[in-house]
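Please treat every number below as a calculation from the coordinates, not as lab data. Fair warning: this is a prediction, and the values are worked out from it, not measured in the lab. Because the Cβ atoms are built from the backbone with ideal geometry, glycine has one as well, and the counts that use them run over all protein chains shown.
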Amino acid sequence: MLQPKEYDKLLGILETSAETKEVEGIRSVIKHIPDLHIAGDLDPRVLKVISSYTNHSEEEQTEPANVSIAAIRASMGWLNRDVTTTEITTELLSIPSKEHDIPVRIYRPISNELLPAVVFFHGGGFIGGSLKTVENPCKALAEKAHAAVVSVDYRLAPEHPFPAGLEDCLTAVKWVYENAEKLGINKEQLAVCGDSAGGNLAAVCSLLDSQQGTNRIKYQALIYPVVNPGRIDTEDHRWDINEYEVFHHHELIKGVILALAGSSSMLNKLYLQGADVTDIRVSPLLADDLNGLPETLIINAEYDYLRLQAEAYARKLARSGVKTKMIQYKGMDHAFIDKIGDYPQAEDCMNEIAKELKSAFRINC
């Protein structure tokens, strides 16, 4: 782990140095590796972690058919650090629903004012992840955005296959909106956010909210989201490893990129369990119409198998008239926000989401 002074220095470089351009109606931002002035390589911190794995490429590309769900869940997440510098309170509540209660943790800064709200859905391939995994990213977002962050402990597959987890997320959004005054929240400043599978759930919540005309969600931040889990070729998306710029550590980076390549069959078996992968509640990229969706921020890691489908979703959103911004972190791999406090890019990601939320909601603090 970096020493505090070095970490802060790199964080400062990320905050002040970025390449911004308009591409196909998208405001596209590139965040280069802050201490490596070459292209086509892993961030030094990622390289250190990946190099420590034994037979990384082979292990990650092999579907864990003989590995228990408990073992898969236990392997998720990373030891990370609380980067907040002010008091952030944590409140544990349960959202009542027809068959069960949905646990949530609400993180908030000390404030007497109504706060904007971010309903956050953790990643974990729909089968894992937890409130604990994303606690420090959520606390950081609460502090930086001066917002209440509601982290949702939705039901997981295979015990609860699709659409159980999604239904919990939809219920959580509705509950936050309808109980805004009691929660000290401004219901007109409601956003959703999630990473990986959680990014899928956030995207689908926004899509259904728009299609059904409820229009509760005013902003969505999608962190390396899965939006086309069936890897179906579309006008906007055709996966091709040649789209990745690699000049160094070729085999290692190829293994990093392909780490999620075998996840589709596991998703079908454990999460969908017979449901149609082309259902837009599973694959929002396949929706015919994205008109009316809220302003969107999409965060990508350069060497993430999901990057190309997330970029495709950004293009489709922009073509549908949705104000869309995309940030790519060079040299990063999937799930990097799990390493907040270790990877400066993880904290910078929370900084960027907070900045965009404040801009969208016209908050000056």
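Before moving on, here are some points about what is shown:
- Per the Debye formula on identical point scatterers at the alpha carbon atoms of the range 96-170, with no solvent, log10 I(q)/I(0) at q = 0.18 Å⁻¹ is -0.72.
- Using θ = phi - 60° in the Karplus curve 6.51 cos²θ - 1.76 cosθ + 1.60, the 3J(HN,Hα) couplings for the range 229-235 round to x, x, 6, 7, 5, 9, 4 Hz; x is entered for Gly and Pro.
- Here the range 168-297 is treated as a sphere whose radius is the Kirkwood value from Cα pairs; by Stokes-Einstein at 10 °C and 1.306 mPa s it diffuses with a coefficient of 96 µm²/s.
- Shape call, the range 1-145: gyration tensor on alpha carbons, a/c limit 1.5: oblate
- Whole-Hz couplings from phi, Karplus 6.51/-1.76/1.60, listed for the range 97-109; x for Gly and Pro: 9, 4, 9, 6, 9, 10, x, 9, 10, 10, 9, 8, x
- Stokes-Einstein D for the range 253-365, Kirkwood Rh over Cα pairs, 20 °C, 1.002 mPa s (µm²/s): 134 µm²/s
- Taking the C-alpha atoms of the range 12-57, convex hull volume expressed per residue in Å³: 111 Å³
- Centre separation in Å (Cα based) which lies between the range 329-365 and the range 190-269: 17 Å
- Neighbourhood net charge (15 Å Cβ-Cβ; Lys/Arg +1, Asp/Glu -1) for GLU22: +3
- Pairs of C-alpha atoms in the range 4-360 farther apart than 24 Å represent 53 percent of all such pairs.
- Rounded to whole Hz, the Karplus (6.51, -1.76, 1.60) HN-Hα couplings of the range 355-364, x for glycine and proline: 4, 5, 5, 4, 5, 5, 9, 6, 9, 10
- Going from the residue with the fewest nearby Cβ atoms within 10 Å to the one with the most, LYS182, LYS187 rank LYS182, LYS187.
- Put a plus charge on the Cβ of each Lys and Arg, a minus charge on the Cβ of each Asp and Glu, and nothing anywhere else: the dipole of the chain about its Cα centre is then about 700 debye.
- Per-residue Cβ neighbour counts within 10 Å put HIS32, HIS250 in the sequence HIS250, HIS32, beginning with the fewest.
- Simple spin-label estimate for ASP240 and LEU79 gives 4.3 nm between the two label positions (7 Å along the Cα-to-Cβ direction from each Cα).
- The chain: relative contact order as a whole-number percent, Cα under 8 Å and 6+ apart: 23 percent
- Percentage of interatomic Cα-Cα distances in the range 106-227 larger than 27 Å: 11 percent
- Highest GNM mean-square fluctuation among ASP41, ASP276, ASP338, for the chain modelled with Cα contacts below 10 Å: ASP276.
- Sequence-distant residues sharing a close amide H with ILE340 (under 5 Å, placed H): ARG81
- Arranged from fewest to most other beta-carbon atoms within 10 Å of their beta carbon, LEU270, LEU156 become LEU270, LEU156.
- Order by protection proxy (mean Cβ within 10 Å, highest first), peptides 3-9, 326-332: 326-332, 3-9
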